[in-house]
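*Asks:* Here you go, one structure.
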Amino acid sequence: MNILVCISNVPDTTTRIKYSADMKAVDYSGVQWIINPWDELALTRAIELKEAHPALVQKITVITAGGADADPTLRKALACGADDAIRVDAAGGDSLFTATQLAHAVKGEPFDVILCGIESSDYNGSAVGGMLAELLDYNSVSAVSSLNLDGNSIKVTREIDGGKQSIETSAPVVLIVQKGIAINPRIPSMRGIMTARTKPLKVVAATAAAPGSKVVGYQAPPQKSACKMIDPENIDELVHLLHTEARVI
Amino acid sequence: MSVLVYIENRNGKFKKSTYELVSYGKRLANGLGGSVTLLSIGKVAEDELKNLGAYGAGTILSAETDVPLDDRAYASLIAAAAQNSGATLVVMAHNVTGKALAPRVAVRLNAGLVSAVNGLPVSYQPFVVSKKAFSGKSLMQAEITTDIKVITLSQNTAGIETFAGNAAVETMDASAVTSGITVLSTEVQTGKILLSEADVVVSGGRGMRSADNWEPLEELAGVLGAATACSRPVSDEGWRPHHEHVGQTGKVVAPNLYFALGISGAIQHLAGISSSKVIVAVNKDPEAPIFSAADYGIVGDLQTVLPKMTEAFRKFKSGN
Amino acid sequence: MNFEFSEEQLMIQQAARDYAQRELIKDVIERDTHAIYPTEHVKALSELGFMGMLVDPEYDGGGMDTVSYVLAMEEISKVDSSVSVIMSVNNSLVCYGIEKFGTEAQKEKFLKPLARGEKIGAFLLSEPEAGSDATSQRTTAEDKGDYYLLNGTKNWITNGNTAGTYLVIAQTHPEKGHKGINVLIVDRHSPGISVGPHEDKMGMRSSDTHSVMFNDVKVPKENRIGEDGFGFKFAMKTLEGGRIGIAAQALGIASGAFERAVKYSKERKAFGTEIANHQSVAFKLADMAVKIENARNLCLKAAWLKDQGKPYGYASAMAKYYAAEIAMEVTTEAVQIHGGYGYVKEYHVERLMREAKLTQIYEGTSEIQQIVISRQVLNEF
């Protein structure tokens, strides 16, 4: 079984977002880039599965669409335990553009399980995984919070509206994963960092693709008004304000 | 310029969030100068469907099937309904189901997708919508440039409007639909108010000190009819289950009222609660960052403040 | 000149930071309060390869450079120096000593398990009456033909009880003075070794510090490192590298306290504004930042020299001396900025202050470093 993990290179979650002067673009200068947290958990689970089922899981490949500045992120994934990496040399664009690039690079390759994080912490689109599945005409299961292999049967837990379900499915499939899929993201070991030096990172040319949407501009979120402090000895005041001023109870 | 809205039922019933979505679809149709069609997949009684007329539903396509939620199958039904009804805009809720289906529908329709849209579009021509980006740290405006467009609506951002009119229910054939998955078991959360749809959320952090101290928090939630939640350290410690974790990598919630009890307010937590209408924070540390995100704050020890709060709200509720 | 780190060095720094901020931080106060040895963390850090990160991969090490080691030591020490001292002793004293001066057979037998972190090493130099003055060893290694007979007491031994492998410095030929000293690799569980009680220390309380007593302990001849009488030179050479580790530790203690002070001063309000807006606090932060940057540059320079195969003893003495001194100053200021909160355990800076003190004392006190530096200055200029 070959597992593909889709990786998005995103600004560190604690980054303060700055904009260009015309507010039409994000200013990425000085930003620390990381593996999107959900993708990192997906990768961690893939590695865990390979460790648990060495005979079953042959290879873990990571893929991203982006410029050469995404290479350190891919090499970190290799250091964590992925076997090889693919970068589609296509920066920018929306989720449809990205998914088209990934599908182009992956089509015809023998990936049995494709893992995608449920969203990226930059545009929070929750779109690439489902689009990739549709472009490849694979089954997909979304909001997956656990993944286990039982021979060739793939067992997952997914969140559904109002609860959760245990599901069995088979390859090829795109699994769109969320919290719970792995607990602690993998930290690369010295050995991993060393072996990453010689693992292949293949760069694939972009394909012509039209995005379906474009960013018009940004705004800082509206400032909250100052917090109104209430005396802990006078909780009735809080009740009163929530009822008459905020009108939420 | 018509609009297709995919609506999801739970055990044949619709929730408040569906009313918001339907009335949102109607307003979009009005904005575009077209009509709105709804698509319901699964078994829903005709009366329940017709109730949606009050929220602007015109035509409701009812695709009855026993096939459980299968991303590919459901997406094909939605895309077919969009094509048959001539919809140029497809709308879904930004919940687990919408996140699963909208991307597939978009590809099938060659449509641009913007997800987690806040409220009505900024403009219809060009079609520009607003959404949060960078986990709530930024507001972004995006234009969908394709002829057919797909959006998912962030819950609680459009409000509910009612309309005069009747809904007409039509049957859509779903007999050809098959599933690529087998459901082994389903675990439905019962009895409790679901975090994803609660109007009021009572959430505890590390300041609660231990798993044993959750009883008074649950009592307050009970009085308020609230769902319970927690911050990441609490779920990491195993004091509360992971599905209660609110924050960047957990759940993003948008209740009317959010109580942050003993939560310091790390940026990752704020990313999960920034869409709440009103935030009340209780913390013993007056410098805790949660107070800069909160609307109302109390500095004090939860051991004493929490029971007092429960008492005060109980008094208020019984007086109302 | 190039001040840029390589991608790999940054990856190692991030790995150390992730482990420290995610795992070490969780129960560091608890470990410190009750002097609990960080067994699980040593195991996890061994699996990640930090315990033998400088050792050649041929001997199961991480094969990383000294610059990476400084970056990793700083990150671990920002959170818990009881853990980083274990890492430092194992890497830059024990593993380094065996790798640099040991025989192939010694490397095979002793270095590999140490590099993998399966065993932890200890470096036994200090004695009740010979701390900084390493020439006056009272512990004896009597030459008995095919073995040495070891007798004496060693003090302040980090990893004293948990170590599996000791490097023991002992006197074989008292008449030759420091030229009669040998260094022996000793199995911790050899008959005749007894370990004293855990020292109840002011800081780095969860590291495992003990006295170790040798009573007629037989050590095979093949466990001697280098020629007969090489022990003193061995100790001096090894300590030169060890200083880089402790310098980086002191740096981490300082930068850890500094980061907390910056964060706190941006949150805490007094007289209607965040205290960072008060010049008295802002200027303190500026001074702390300059000191830390200086210390970091000294550490990295020493590490770079070592990686280049150039002499680094002078640079590492400067780094160790300066970083330890400013760690004490910076942590004291960090406590001051925190006010009353700084004096309680919950805010971590008081612990960092206690830890800083030890960096001025062990692996060559500040005064010893001053001797090393001044001798070189007087020889050269």
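The values are calculated or read from the model by the stated rules, or taken from the named source; none is laboratory data. The shown structure was predicted, so the numbers you read here are calculated from the model rather than taken from an experiment. Cβ sites come from the backbone with ideal geometry, for glycine too, and all protein chains shown count toward neighbours. These area figures cover heavy atoms from the full protein model, side chains too; ligands, DNA and RNA do not enter into them. Shrake-Rupley method; radii C 1.70, N 1.55, O 1.52, S 1.80 Å.
*Asks:* Give the distance, in whole Å, between the Cα centre of the range C:23-100 and the Cα centre of the range B:274-318.
*Replies:* Answer, in whole Å: 43.
*Asks:* Compute the FRET efficiency between residue C:379 and residue C:297 as 1/(1 + (r/R0)^6), taking r as their Cβ-Cβ distance and R0 = 25 Å, and round to the nearest 0.05.
*Replies:* Numbers: r = 24 Å, r/R0 = 0.95.
About 0.55, to the nearest 0.05.
*Asks:* Which order, highest average first, do C:356-363, C:69-76 follow once you tally other Cβ atoms within 10 Å for each residue and take the mean per peptide?
*Replies:* Numbers: C:356-363: 23.0, C:69-76: 29.2.
In descending order of packing, they fall as C:69-76, C:356-363.
*Asks:* In peptide A:170-177, how many Cβ atoms from other protein chains are near each Cβ within 10 Å, on average? Walk me through the numbers on the way to the answer.
*Replies:* Values: counts 3, 0, 0, 3, 3, 0, 5, 0.
The per-residue average across the peptide is 2.
*Asks:* Let me ask something else. Using the alpha carbons of chain A, what is the convex hull volume per residue in cubic angstrom, as a whole number? Please report the intermediate quantities before stating the final value.
*Replies:* Values: hull volume 48.1 nm³, N = 249.
About 193 Å³ per residue, rounded to a whole number.
*Asks:* Tell me the angle of helix C:231-267 to the major Cα principal axis of chain C, expressed in degrees between 0 and 90 and rounded to the nearest ten.
*Replies:* 20 degrees
*Asks:* Follow-up question, since we're still on this one. What residues of the range B:88-137 lose no less than 50 Å² of accessible area with every protein chain in place versus their chain by itself (probe 1.4 Å, heavy atoms only)?
*Replies:* Relative to the lone chain, where solvent access is computed with a 1.4 Å probe, the range B:88-137 loses at least 50 Å² at B:96, B:99, B:103, B:104, B:107, B:113, B:134, B:137.
*Asks:* Which trypsin sites (Lys or Arg not before Pro) in the range C:102-200 sit in a loop by DSSP (not H, G, I, E or B) and have at most 14 other Cβ atoms within 10 Å of their own Cβ? Intermediate values should be presented prior to the final figure.
*Replies:* Numbers: sites: C:107, C:109, C:116, C:119, C:138, C:144, C:154, C:176, C:179, C:188; in loops: C:116, C:119, C:138, C:144, C:188.
Here the trypsin sites (Lys or Arg not before Pro) that fit, given the DSSP loop and packing criteria, are C:144.
*Asks:* Just reorder B:311, C:8 by solvent-accessible area, largest first, 1.4 Å probe, all chains present.
*Replies:* On the way: B:311 100, C:8 50 Å².
My answer, sorted largest first, is B:311, C:8.
*Asks:* Would you mind checking which residues have amide H under 5 Å from residue A:160's amide H? H placed 1.01 Å from N; only 5 or more apart, or other chain.
*Replies:* A:165
*Asks:* Rounded to the nearest 0.05, what FRET efficiency do residue C:190 and residue C:4 give with R0 = 60 Å and r taken as the Cβ-Cβ distance? Could you check? Intermediate values should be presented prior to the final figure.
*Replies:* Values: r = 48 Å, r/R0 = 0.80.
E between residue C:190 and residue C:4, to the nearest 0.05, is 0.80.
*Asks:* Express in Å², to the nearest 10, the accessible area of residue B:299 obtained by rolling a 1.4 Å probe over the protein heavy atoms while all chains stay in place.
*Replies:* Surface accessible to solvent at residue B:299 totals approximately 50 Å².
*Asks:* Projected onto the charge dipole of the range B:1-48 (+1 at Lys/Arg Cβ, -1 at Asp/Glu Cβ, origin at the Cα centre), which of B:17, B:5, B:39 gives the Cα projection farthest towards the positive end?
*Replies:* B:17
*Asks:* Pick from C:346, C:293, C:47: which is most flexible by mean-square fluctuation in a GNM of chain C where alpha carbon atoms under 10 Å apart are linked?
*Replies:* Ranking C:346, C:293, C:47 by mean-square fluctuation puts C:346 first.
*Asks:* Still on this structure, I have one more. Among the residues of the range A:214-243, which ones have their accessible area go down by 50 Å² or more when all the protein chains sit together, as opposed to their chain alone (1.4 Å probe)?
*Replies:* A:214, A:216, A:219, A:221, A:224, A:227, A:229, A:232, A:235, A:238, A:239, A:242
*Asks:* A further question follows. Express the Stokes-Einstein translational diffusion coefficient of the range B:1-67 in µm² s⁻¹, to the nearest whole number, given a Kirkwood radius over alpha-carbon pairs, 10 °C and a viscosity of 1.306 mPa s.
*Replies:* Numbers: Rh = 11.8 Å.
It diffuses with D of about 135 µm²/s by this estimate.
*Asks:* Considering only C-alpha atoms, what is the centroid distance from the range C:283-336 to the range C:161-190, in Å?
*Replies:* Centre-to-centre distance over Cα atoms comes out at 31 Å.
*Asks:* Of all beta bridges DSSP finds with both residues in chain A, what is the antiparallel percent, to the nearest 5?
*Replies:* 40 percent
*Asks:* Taking a probe of 1.4 Å, how large is the accessible area per residue of the range B:110-151, in Å²? Write out the running numbers ahead of the final one.
*Replies:* Details: 1330 Å² over 42 residues.
Solvent-accessible surface per residue comes out at 32 Å².
*Asks:* Could you do me a favour and compute the accessible area per residue for chain C, 1.4 Å probe, result in Å²?
*Replies:* Details: 15830 Å² over 381 residues.
Spelled out: the 1.4 Å probe surface of chain C, per residue, equals 42 Å².
*Asks:* Mind pulling the angle between the C-alpha long axis of helix C:279-307 and the longest principal axis of chain C? Nearest 10 degrees, somewhere in 0 to 90.
*Replies:* In chain C, helix C:279-307 runs at an angle near 30 degrees to the longest axis.
*Asks:* Got a sec? Charge dipole of chain C, +1 on Cβ for Lys and Arg, -1 for Asp and Glu; which of C:52, C:303, C:165 is way out at the positive end?
*Replies:* Of the candidates, C:303 comes out farthest on the positive side.
*Asks:* Would you calculate the separation in nanometres between label points at residue B:11 and residue B:292, each defined as 7 Å from the Cα along the Cα-to-beta-carbon direction?
*Replies:* Those two pseudo-labels are separated by 4.5 nm.
*Asks:* Okay, next question. Would you pull out the residues with amide H under 5 Å of residue C:268's amide H, same chain only if 5 or more places away, H placed 1.01 Å from N?
*Replies:* C:275
*Asks:* Next up: Taking amide H positions as placed 1.01 Å from N in the peptide plane, with prolines and chain starts having none, which residues 5 or more places from residue C:53, or on another chain, fall under 5 Å of its amide H?
*Replies:* Counting only residues 5 or more places away or on other chains, the set is C:62.
*Asks:* Over the whole of A:138-144, what's the average partner chain Cβ count within 10 Å per residue? Rounded to a whole number, please.
*Replies:* 6
*Asks:* Let me ask another. With a 1.4 Å probe and every protein chain kept in, tell me what percent of the accessible surface of the range C:262-381 is carbon plus sulfur. Walk me through the intermediate numbers first.
*Replies:* On the way: 3590 of 6250 Å².
Carbon plus sulfur share of accessible area: 58 percent.
*Asks:* Right, something else. Cα-based Rg of chain C per 2.2 N^0.38 Å, rounded to two decimals? Don't skip to the end; give the middle numbers.
*Replies:* Numbers: Rg = 20.7 Å, N = 381, 2.2 N^0.38 = 21.0 Å.
Ratio of Cα Rg to 2.2 N^0.38 Å: 0.98.
*Asks:* Which one of C:330, A:74, B:98 is farthest out on the positive end of the charge dipole of the protein assembly as shown, using unit charges on Cβ (Lys, Arg +1; Asp, Glu -1) and the Cα centre as origin?
*Replies:* Most positive-ward Cα: C:330.
*Asks:* Further question on the same structure: Between residue C:144 and residue C:236, what is the FRET efficiency for a Förster distance of 25 Å, r being their Cβ-Cβ separation, to the nearest 0.05?
*Replies:* Details: r = 27 Å, r/R0 = 1.07.
Efficiency, from the Cβ-Cβ distance: 0.40.
*Asks:* Where both residues lie in chain C, what percent of DSSP beta bridges are antiparallel, nearest 5?
*Replies:* Values: 27 of 32 bridges.
Close to 85 percent.
*Asks:* Give me the inter-chain shielding for B:293-301: mean count of other chain Cβ atoms within 10 Å, whole number please.
*Replies:* On the way: counts 2, 5, 10, 10, 6, 10, 4, 5, 1.
Across B:293-301, the average partner-chain Cβ count within 10 Å equals 6.
*Asks:* To the nearest 10 degrees, how steep is helix B:302-319 against the longest Cα principal axis of chain B, on a 0 to 90 scale?
*Replies:* Roughly 60 degrees, rounded to the nearest 10.
*Asks:* Within the P(r) computed for chain B, what percentage of the Cα pairs occupies the region above 30 Å?
*Replies:* Details: 20647 of 51040 pairs.
Considering chain B, 40 percent of its Cα-Cα pairs are separated by more than 30 Å.
*Asks:* Now a separate question. Checking an interface number: how much accessible area is buried between B and A, summed over both chains, with a 1.4 Å probe, in Å² rounded to 100?
*Replies:* Values: alone 15640 and 14170 Å², together 22810 Å².
That pair hides around 7000 Å² of surface in total.
*Asks:* Another question, then. If the viscosity is 1.567 mPa s and the temperature 4 °C, what translational diffusion coefficient in µm²/s does Stokes-Einstein give for the range C:259-338 when Rh comes from Kirkwood over Cα pairs? Numbers along the way, then the final one.
*Replies:* On the way: Rh = 13.9 Å.
The estimated diffusion coefficient comes to 93 µm²/s.
*Asks:* Report the relative contact order of chain B, percent, no decimals, based on alpha-carbon pairs under 8 angstrom and at least 6 residues apart.
*Replies:* Here the relative contact order equals 14 percent.
*Asks:* Roughly how far apart, in whole Å, are the Cα centres of the range B:1-70 and the range B:98-172?
*Replies:* With the range B:1-70 and the range B:98-172 each reduced to a Cα centre, they are spaced 14 Å.
*Asks:* On full extension of the chain, what length is gained from residue C:36 through residue C:135, given 0.36 nm per residue of separation minus the C-alpha to C-alpha distance? Could the numbers behind the result be given before it?
*Replies:* Values: separation 99, 0.36 × 99 = 35.64 nm, distance 3.38 nm.
Between residue C:36 and residue C:135, full extension yields 32.3 nm more.
*Asks:* Here's a follow-up. Tell me the Kirkwood radius of the range A:43-164: reciprocal of the mean inverse pair distance over distinct alpha-carbon atoms, in Å. Provide the component values of the computation, followed by the final result.
*Replies:* On the way: mean 1/r = 0.0645 Å⁻¹.
In the range A:43-164 this quantity evaluates to 15.5 Å.
*Asks:* Once you compute Rg and the Kirkwood Rh from C-alpha atoms, what is the Rg to Rh ratio for the range C:235-380?
*Replies:* Working: Rg = 16.8 Å, Rh = 15.8 Å.
With Rh from the inverse mean 1/r over Cα pairs, Rg/Rh is 1.06.
*Asks:* Once the Cα gyration tensor of the range C:1-158 is found, what semi-axes does its equivalent ellipsoid get, as square roots of 5 times the eigenvalues, in whole Å, sorted largest first? Can you show the working numbers first?
*Replies:* On the way: eigenvalues 178, 86, 44 Å².
That gives 30, 21, 15 Å for the three semi-axes.
*Asks:* Computed over the Cα atoms of the range A:27-97, what is the convex hull's projected area averaged over all directions, in nm²? Before the final figure, lay out each step's value.
*Replies:* Values: hull surface 22.1 nm².
It is 5.5 nm².
*Asks:* Could you tell me the extents of the range A:181-249's C-alpha atoms along the three principal axes, largest first, rounded to whole Å?
*Replies:* Projected onto the principal axes, the Cα atoms of the range A:181-249 cover 66, 40, 23 Å.
*Asks:* Are there trypsin sites (Lys or Arg not before Pro) in the range A:1-75 that DSSP puts in a loop and that have at most 15 other Cβ atoms within 10 Å, and which ones? Mind showing how you got there, number by number?
*Replies:* Details: sites: A:16, A:18, A:24, A:45, A:50, A:59, A:75; in loops: A:16, A:24.
Here the trypsin sites (Lys or Arg not before Pro) that fit, given the DSSP loop and packing criteria, are A:16, A:24.
*Asks:* If you don't mind, another one. Largest first, please: the extent of the C-alpha atoms of the protein assembly as shown along each principal axis, to the nearest Å.
*Replies:* 110, 67, 51
*Asks:* Let me have the 222 nm mean residue ellipticity of chain B computed from DSSP H runs of 4+ only, each contributing -39500 (n - 2.57), with the sum over all residues rounded to the nearest 500.
*Replies:* Numbers: 9 runs with 95 residues, N = 320.
Helix contribution divided over all residues of chain B: -9000 deg cm²/dmol.
*Asks:* By how many nm would the segment from residue A:240 to residue A:69 lengthen if fully extended, with 0.36 nm per residue of separation less the alpha-carbon distance?
*Replies:* Details: separation 171, 0.36 × 171 = 61.56 nm, distance 5.40 nm.
Result: 56.2 nm gained on full extension.
*Asks:* How long are the three semi-axes of the equivalent ellipsoid for the range B:2-171, computed from the Cα gyration tensor as the root of 5 times each eigenvalue, in whole Å, largest first?
*Replies:* One finds semi-axes of 23, 17, 15 Å for the range B:2-171.
*Asks:* Shifting gears a bit: Under a point spin-label approximation (7 Å from Cα along Cα-to-Cβ), what is the residue C:266-residue B:215 distance to one decimal in nm?
*Replies:* 4.2 nm
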